[in-house]
Every structure is written in structure tokens, then in C-alpha cells.
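Presented below is the structure to which this report refers.
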Amino acid sequence: MTPLEQKLHFDRIIERVEKARLRMNDHHIVKIVAASKYVDAEAIKSLYAIGQRAFGENKVQDLVTKSETLDELPIEWHFIGTLQKNKINHLLSVRPHLLHSIDSLELAHALNERLEREDMTLRALVQINSAYEESKSGFFPEEIHEKYLQILEECPRLQLQGVMSIGAHTEEPTIVRKSFETTRRIFETLPKATVCSMGMSGDFELAIECGSNMVRLGSILFQK
Ligand SMILES: *Cc1c(COP(=O)(O)O)cnc(C)c1O
């Protein structure tokens, strides 16, 4: 894509986000995190050039490499993948803006300990496996409330801001909608929760209509 084509393509996606958010309500603001795992630093730079500021990676090594390469740009980096405990130091070296994917108490405790040692804090979301899928990490809907409160209490270095979920893996919109509605309902009951991160290229409009205020868009943004 030429820069102009890319700009037009991006504008069309923003317009779709805009329409979906207005269907939710006038005051509903949605943030786009560009999931840049499919592309190199050059492509991130060209999306940055047309106004995108938040980028998310799902592998710690890629986050480290790309953020170093793009060090001169004030990019807001997100980590959206499953985090292994042995990668925590590496992740923290980047000082990411937001970690989307706390999926166990062990991980929360390990993060808190490391943050304590480094005298840092980290904004984070707790991941919900709202469609009960084997292949996904995260807490189940019936345990999330208790675990969230426990992390709030036991891990003061983690600044919990809400939840992240991946929509049900099916073509059936009623099932996907149900998984988003489950996440949204839980989000509303959690203290200090302001971020509801759900919606990807294939389902972001539905996610926004169900109350998402942060969408993670990858393939749709970077496709040729
Ligand atoms: C890759 C990825 C996305 C974006 O997926 P697309 O379907 O390409 O938009 C969103 N969230 C997570 C956690 C991802 O790993």
C-alpha cells in the first residue's frame, strides 16, 4: 500500500469503529491498539506516521526488539500475549504502558514481587476466558471476581484497570456476542475497572456494541 492508500484504509476502519461506538452511545470512547505482531518496525512506523500511537505485541522478544528499534518515537506499547514468568524481567525492561493478560494468581504474584524489587508499578488487565475455551488462557467468569479482588489486595504494584477477553472462536455471532456480554457484565462489577479490552479484526464492531472500549486490531490494519 502507498502511504495514501494506507491512510484511506485506516480512515475506513476508524469510521467503522466510530459507527459502532455511536450505536453503543454518544459518550462511549473506544481506543484502538494496533496488534503489530505480523509486521516489522517499518510498518509500525508508517502507521505511526498517520496517527496511530498505541501498539501491542504478543511476544516479549518482539516487543523488546521493536521498541528498541523505534526508541525515538513516543509509542504507547501494550503487551497482549500470554506472559511466561521467566520473561517478566524482559517485559519490565520495556516499561510497557499496559499488560492485558494476567491469567493466573502465580503470574500476578511473580510480577508484583519483581515490580517491588525494581520499585516500579505496572498497569494491567486481568484476562477472562469468557467462552470457556481450552485453547485460551484466563480466569473463568465464576472465579474472576474473587481473583481480581485478591490481586488488588495482594499485588499493590499492579495497577489493575479492568479486563481483557478474546471473543468466542466461532462464526456464530450469537455465541460471540454472548462471550462479549459476559465479559462486559463482569467488567461492570469490578472496582477501579475502566478498561474493557475486547474485539479483534473479525469481531470488533460487535465487541464495541457490547461495551468494549479498547479493541486490538491486527490483520485488518496491516493487510495489503
Ligand atoms: C493477534 C492478536 C490480536 C489481533 O488479531 P487480529 O485478528 O489479527 O486482529 C488481538 N489480540 C491478541 C491477544 C492477539 O494476539
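Counting the residues of the stretch 61-70 that are among the hydrophobic types (A, V, I, L, M, F, W, C) and within 13 Å of the ligand (Cβ to nearest atom) gives 1. Taken together, the residues in the stretch 204-224 that are under 18 Å from H100 (Cα atoms) and within 13 Å of the ligand (Cβ to nearest atom) amount to 8. Screening the candidates S46, S36 for the property of being of a type in the set (S, T, Y) and within 16 Å of the ligand (Cβ to nearest atom) yields one hit, S36. For M198, the conditions (1) surrounded by 18 or more Cβ atoms within 10 Å (Cβ to Cβ); (2) modelled with pLDDT of 95 or more; (3) more than 13 Å from the ligand (Cβ to nearest atom) are fulfilled apart from (3).
Applying the condition of being touching a residue at least 12 places away in the same chain (Cβ under 8 Å) and of a type in the set (S, T, N, Q) to the stretch 4-49 and asking which residue is nearest to H97 (Cα to Cα) yields S36. Using the structure shown, decide if R12 is in a helix (DSSP H, G or I), away from the ligand (no atom under 12 Å from the Cβ) and within 19 Å of S197 (Cβ to Cβ). Here the answer is no, as R12 does not meet what is asked. Within the stretch 143-185, which residues are touching a Gly at 6+ places or on another chain (Cβ under 6 Å) and either charged (D, E, K, R) or outside any helix (DSSP H, G or I) (or both)? R184, the sole residue that qualifies. Residues that are under 16 Å from the mean Cα position of the chain (by Cα) and basic (K, R) within the stretch 176-224 comprise R184, R216, listed in sequence order. Determine, yes or no, whether E205 is free of Cβ contacts under 8 Å to residues at least 60 places away in the same chain and either outside any strand (DSSP E or B) or of a type in the set (G, A, S) (or both). No; evaluated as a whole, the condition is false for this residue. One residue alone among L115, L73, L98, L107 is crowded, with 17+ Cβ neighbours inside 10 Å, more than 16 Å from the ligand (Cβ to nearest atom) and at pLDDT 95 or above, and that residue is L115. In the stretch 212-224, the residues that are without any contact (Cβ under 8 Å) to a residue 60 or more places away in the chain form no Cβ pair under 8 Å with any partner that is within 7 Å of the ligand (Cβ to nearest atom), whether six or more places apart or across chains. Scanning the stretch 76-95 for residues that are within 13 Å of the ligand (Cβ to nearest atom) and over 10 Å from G56 (Cβ atoms) returns T82, L83. Of the residues making up the stretch 148-189, those that are buried (at least 18 other Cβ atoms within 10 Å of the Cβ), under 24 Å from R114 (Cβ atoms) and in contact with a helix residue (DSSP H, G or I) (Cβ under 8 Å, 6 or more places away or on another chain) number 7.
The values are calculated or read from the model by the stated rules, or taken from the named source; none is laboratory data. All of these numbers come straight from a predicted model, not from anything done at the bench. Every residue, glycine among them, receives a Cβ derived from its backbone with ideal geometry; neighbour counts consider all protein chains shown.
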